[in-house]
Amino acid sequence: MKEDLQLKLSNIEPEAFQKDLIGWFEQEMRELPWRKNKDPYQIWVSEIMLQQTRVDTVIPFYHRFMEQFPTIEALANAPEEKVLKAWEGLGYYSRARNLQTAVREVHEQYEGRVPSSPKEISSLKGVGPYTAGAILSIAYGVPEPAVDGNVMRVLSRVLSIWEDIAKPSSRKVFEEAVRYLISHKNPSYFNQALMELGALVCTPTSPSCLLCPVQAHCSAFAEGVQRDLPVKTRKKSTKVIDLLTVIVQNQQGEWLMNQRPSQGLLANLWEFPSFEKQQGESAVSQLNDFLLADFGVNIVLDPEPWMVQDHVFSHLTWKMAVFKGELTKTSTQNRQNAVWLTKEEVEKLTLPVSHRKIWNQYVSLHS
């Protein structure tokens, strides 16, 4: 592939490509809050938030997060619970934990300055090749590639690269292509322009080729195969879990909440009592056994779920059936991480998106 890539690159004039791409970006770039300056910390936060999340979704979260943690020192010294609460709704909470861990290292080991060398910045937790390249190029003007899905899609078409972009090994091909094409005078705008082009013009299913600033350089457009690229194999079907969840309220107006384990999916977040449904007995019977055994709670449940919803992760889907009912008896036989909390206390917890939806729906119907 290396010789093949070199041949494809030899057919493109880097300076002309840079001029057309960057010139377009200077005219068309979106006004985004993390583009107002070159603060590496702000760029870092935005890039972590933008992983697997749309720009429009990220913007309000970014504003709130930066209001609470405006500096590396502020985030490094913040309690994890406060950070996760600020992240609530973005999902993929390991991103927030890794970000804070890495920021603490920067605070302690680098005197609060985000490293400007590829080796040092890549050693930080949660900072992969793309994030490192984005920070280095945008904040420090270092000509490092920042290859994400948008960039791979654009370059697969421009250079007619038929490598499967779903394979991790393909990233090296695109990184090599960026290293050849990148502007050393303005790597910041070059990398951002490639991402912006993929987001706005060179889109997955309906590329707007007639509006594309680098159409003249595009092999796929010349060959009429732009809709066939990039090559991307489909992900395997995700695992589906039937989850039973229950809202339990006591006579004092408190709700039973449970904290998830400190390791694994949604670690340390709070939720309503939930467990995976088993074959055999009815959902109500299984819930009654679960509540009594794990929480020391007897409850007369409604026969049908009060609410059903699907929650999709990258690797699995929860099909959630949410029950409620009337509490008849409690004991002190509770899980170590289970507590009864008032409405005000529940509001302050960090809940997974699925459980926050349950809570909001419940409150709206009972307020």
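For the stretch 322-332, indicate whether the set of residues that are at pLDDT below 90, over 12 Å from V248 (Cα atoms) and part of a loop (DSSP other than H, G, I, E, B) is non-empty.
Among the residues of the stretch 322-332, at least one is at pLDDT below 90, over 12 Å from V248 (Cα atoms) and part of a loop (DSSP other than H, G, I, E, B), which makes the answer yes.
Going through the stretch 285-294 one residue at a time, which ones are touching a residue at least 24 places away in the same chain (Cβ under 8 Å) and more than 12 Å from V246 (Cα to Cα)?
Applying the first criterion (touching a residue at least 24 places away in the same chain (Cβ under 8 Å)) to the stretch 285-294 yields 286-287, 290-291, 294.
Residue satisfying the conditions is D294 alone.
Report yes if R54 is touching a residue at least 12 places away in the same chain (Cβ under 8 Å), assigned by TED's automatic domain parsing to the domain that holds L211 and basic (K, R), otherwise no. Spell out the reasoning first.
Working: touching a residue at least 12 places away in the same chain (Cβ under 8 Å): no; assigned by TED's automatic domain parsing to the domain that holds L211: yes; basic (K, R): yes.
Answer is no for this residue.
Given the options K172, K125, K119, name the one that is under 20 Å from the mean Cα position of the chain (by Cα), under 26 Å from L99 (Cα atoms) and assigned by TED's automatic domain parsing to the domain that holds W34.
Details: K172 fails: under 20 Å from the mean Cα position of the chain (by Cα); K119 fails: under 20 Å from the mean Cα position of the chain (by Cα).
Exactly one residue qualifies, and that residue is K125.
For the stretch 6-54, which positions are among the aliphatic types (A, V, I, L, M), modelled with pLDDT under 95 and out of contact with any helix residue (DSSP H, G or I) (no Cβ under 6 Å at 6 or more places or on another chain)?
If the condition is that a residue be among the aliphatic types (A, V, I, L, M), modelled with pLDDT under 95 and out of contact with any helix residue (DSSP H, G or I) (no Cβ under 6 Å at 6 or more places or on another chain), then L7 is the only one that fits.
Need the failing condition index for E271 against (1) of a type in the set (D, E); (2) in contact (Cβ under 8 Å) with a residue 60 or more places away in the chain; (3) more than 23 Å from P79 (Cβ to Cβ), just the number.
(3)
Which residues, counting only those in the stretch 150-162, are surrounded by fewer than 21 Cβ atoms within 10 Å (Cβ to Cβ) and not aromatic (F, W, Y)? Step through it out loud before you land on a result.
Just the residues of the stretch 150-162 that are surrounded by fewer than 21 Cβ atoms within 10 Å (Cβ to Cβ), to begin with: 150, 160, 162.
Hits for the stretch 150-162 are N150, S160.
With respect to the numbered conditions (1) among the β-branched types (V, I, T); (2) loosely packed, with under 13 Cβ neighbours inside 10 Å; (3) within 19 Å of K8 (Cβ to Cβ), which one is the sole condition not fulfilled by I182?
Going through (1) among the β-branched types (V, I, T); (2) loosely packed, with under 13 Cβ neighbours inside 10 Å; (3) within 19 Å of K8 (Cβ to Cβ) one by one, I182 breaks only (2).
Conditions (1) assigned by TED's automatic domain parsing to the domain that holds L244; (2) among the polar types (S, T, N, Q); (3) in contact (Cβ under 8 Å) with a residue 40 or more places away in the chain, marked per residue:
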| residue | (1), (2), (3) |
| --- | --- |
| P303 | yes, no, no |
| M307 | yes, no, yes |
| T317 | yes, yes, yes |
| A321 | yes, no, yes |
| K329 | yes, no, no |
| V339 | yes, no, yes |
| K348 | yes, no, yes |
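The values are calculated or read from the model by the stated rules, or taken from the named source; none is laboratory data. Owing to the predicted nature of the structure, the values given are computational and were not obtained by experimental measurement. Glycine gets a Cβ as well: all are built from the backbone with ideal geometry, and neighbour counts include every protein chain shown.
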